[in-house]
Amino acid sequence: MKTRIGILCLIGGLLLGWSLIALGQELPPSIRILVVDETKTFTSTMKVAGTIGALRQMGLFEVAVQLADVETDFEDPLAGKTPESDQDPFDLILILPRGLDTKTNVSIWLVSNGFHSLSPFVRGAVELVSNVVDQVFAGSGQTIDVSEDLWPSFLWAVYVSKGWIQ
């Protein structure tokens, strides 16, 4: 498992680096990502920790974690919460739903602006995060982003208005 993630990280880093060189852009300091954890079981918690560790180890991401207690998978996990006043908005929000524990929901939501509005660097990061999460949660869930479903787009609109995401 560590070998897969390591190889995946290396390939992702090379692809991102190549795309930046090809486009002549400078490497931004980091991509800010908020991981919202709705899971409750030990196995899921360990997978969440592995995902966060893999993202941090790449050096491309600044990762923050928010725990959420929700009743259903389609409930807004950040409802009633506001970002800290001195906190910049996140570039991406990864929501690991409660249904991963019971396999009632196999969709892991990756919230961002529409792909046409994202820089090539952030678009590449969306793909990289999706690949890492899909590897860690193989058999339990699959990452769904704004290009694949309306729910992450809806959440993006809500989170922009609240200052969680840009």
How many of the residues making up the stretch 84-98 are part of a loop (DSSP other than H, G, I, E, B), at pLDDT 85 or above and open to solvent by less than 70 Å² (accessible area, probe 1.4 Å)? 3
Find the residue count for the stretch 121-152, including only residues that are aliphatic (A, V, I, L, M), under 17 Å from Pro97 (Cα atoms) and touching a residue at least 12 places away in the same chain (Cβ under 8 Å). 6
Would you confirm whether or not the stretch 55-71 contains a residue that is open to solvent by 50 Å² or more (accessible area, probe 1.4 Å), over 19 Å from Ser130 (Cβ atoms) and in a loop (DSSP other than H, G, I, E, B)? yes
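For residues that are of a type in the set (Gly, Ala, Ser) and open to solvent by less than 50 Å² (accessible area, probe 1.4 Å), scanning just the stretch 125-156, find the one that is nearest to Gly80 (Cα to Cα).
From the stretch 125-156, those of a type in the set (Gly, Ala, Ser) are 125, 130, 138-141, 147, 153; that's our starting set.
Imposing the further condition that a residue be open to solvent by less than 50 Å² (accessible area, probe 1.4 Å) reduces the set to 125, 130, 140-141, 153.
Working: Ala125: 28, Ser130: 27, Ser140: 28, Gly141: 27, Ser153: 19 Å.
So the residue we want is Ser153.
Condition first: on the phi > 0 side of the Ramachandran plot and of a type in the set (Lys, Arg). Can you find one or more residues in the stretch 96-103 that meet it?
Yes: one or more hits.
Within the stretch 130-158, can you find the residues that are outside any loop (DSSP other than H, G, I, E, B) and among the small types (Gly, Ala, Ser)? I'd like the intermediate steps shown before the answer.
Initial filter on the stretch 130-158 (outside any loop (DSSP other than H, G, I, E, B)): 130-136, 142-144, 150-158.
Ser130, Ser153, Ala157, listed by residue number.
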Right, Val122: buried (at least 22 other Cβ atoms within 10 Å of the Cβ), part of a helix (DSSP H, G or I) and in contact with a strand residue (DSSP E or B) (Cβ under 9 Å, 6 or more places away or on another chain) or not? no
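Condition test on Asp101, is it at pLDDT below 90, open to solvent by 30 Å² or more (accessible area, probe 1.4 Å), in contact with a Ser or Thr (Cβ under 8 Å, 6 or more places away or on another chain) and not in a strand (DSSP E or B)? I'd like the intermediate steps shown before the answer.
Working: at pLDDT below 90: yes; open to solvent by 30 Å² or more (accessible area, probe 1.4 Å): yes; in contact with a Ser or Thr (Cβ under 8 Å, 6 or more places away or on another chain): yes; not in a strand (DSSP E or B): yes.
Yes; evaluated as a whole, the condition is true for this residue.
The values are calculated or read from the model by the stated rules, or taken from the named source; none is laboratory data. Bear in mind that the values here come from a model prediction, so they are computed numbers and not experimental data. Note that each Cβ is placed from the backbone with ideal geometry, even for glycine, and that neighbours are counted across all protein chains shown. In case anyone asks, the SASA skips ligands and DNA or RNA and just uses the protein heavy atoms, side chains included. Shrake-Rupley method; radii C 1.70, N 1.55, O 1.52, S 1.80 Å.
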